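The structure appears right after this line, and notes come after that.
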Amino acid sequence: MADNTAQEKIVRPAISRPVFERSIKIQSEQAIRVIRRSYGRLIRSLYAIDVILRIVGQEQAIDDVEDVVSKMISDCAEQLQQEKARLDKLCTDNGIAEAPGYTHPADFKARITSPQIAQFVELIRLLDQLMIAMDTLWLCQILTSKQCSVARYQWQQRLHRLARRIILIEQRAHQAAYAQGRGEEIRLAREESGLMAEPEFIKENDNEGSGFEEKADEN
């Protein structure tokens, strides 16, 4: 009788990792769409980058990638803050002190497992605040419908593009590891970490891993 013991897959104990659980009320449709379409895919990429680089033994590369990603996110956050300050001044100059309510806000549950994920969650919160300020000025007839429509789309797409740039970093790290002959090791580590064996591509309407307790209305 063949010995099946050696063929059994080694089950490694789960690693106890630090995590923050945060629940955030998201009001604007633009911030909701960023969470639906980019957030889940982004956090998987950030985790995969860490898994891949640690396996190939590039500790310095991990620090370098974290620095690059943090800089990309912080630059976008600074732009959001500057635009929010400009719109807040418009509200003040026009004596506007109220903010609108929203018909279909969404409860977003974020699992913060790295500083970069925390940064991106804050970026989503900043986008939501900016959209609220913009909608306030539109409802009060300070900004036109065309101005708001263009700006809403541009800011939403800016966060989508940022997420895709980070996802591309994962894809390049994955390809580089295979080029170094570490492909099988990477594949097994990804599967053990709950990741797909190969990097996935972002889908336009992918809600998986979005963090929403309930699906918000698209309309």
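Just a few scattered comments:
- Filtered residues of segment 80-98 (kept if open to solvent by 70 Å² or more (accessible area, probe 1.4 Å) and in contact (Cβ under 8 Å) with a residue 24 or more places away in the chain): Gln81, Asn94, Glu98
- Flag for Glu204 being acidic (Asp, Glu), touching an Asp or Glu at 6+ places or on another chain (Cβ under 9 Å), at pLDDT below 95 and more than 22 Å from Ile62 (Cβ to Cβ): no
- Count - residues of segment 169-187 that are among the aliphatic types (A, V, I, L, M) and open to solvent by 70 Å² or more (accessible area, probe 1.4 Å): 1
- Boolean, Arg158 is more than 18 Å from Tyr102 (Cα to Cα), modelled with pLDDT under 95 and open to solvent by 10 Å² or more (accessible area, probe 1.4 Å): no
- Being at pLDDT below 85, small (Gly, Ala, Ser) and in contact with a helix residue (DSSP H, G or I) (Cβ under 8 Å, 6 or more places away or on another chain) holds for only one residue in Ala110, Ala99, Ala48, and it is Ala48.
- Condition check for Pro115: surrounded by fewer than 16 Cβ atoms within 10 Å (Cβ to Cβ), modelled with pLDDT under 95 and of a type outside the set (Phe, Trp, Tyr): yes
The values are calculated or read from the model by the stated rules, or taken from the named source; none is laboratory data. Since the structure is predicted, the reported quantities are computational estimates derived from the model, not experimental observations. When we count neighbours, we look across all protein chains shown, and the Cβ atoms used for this are built from the backbone with ideal geometry, even at glycine. Note: areas computed on protein heavy atoms with side chains; ligands, DNA, RNA excluded. Shrake-Rupley method; radii C 1.70, N 1.55, O 1.52, S 1.80 Å.
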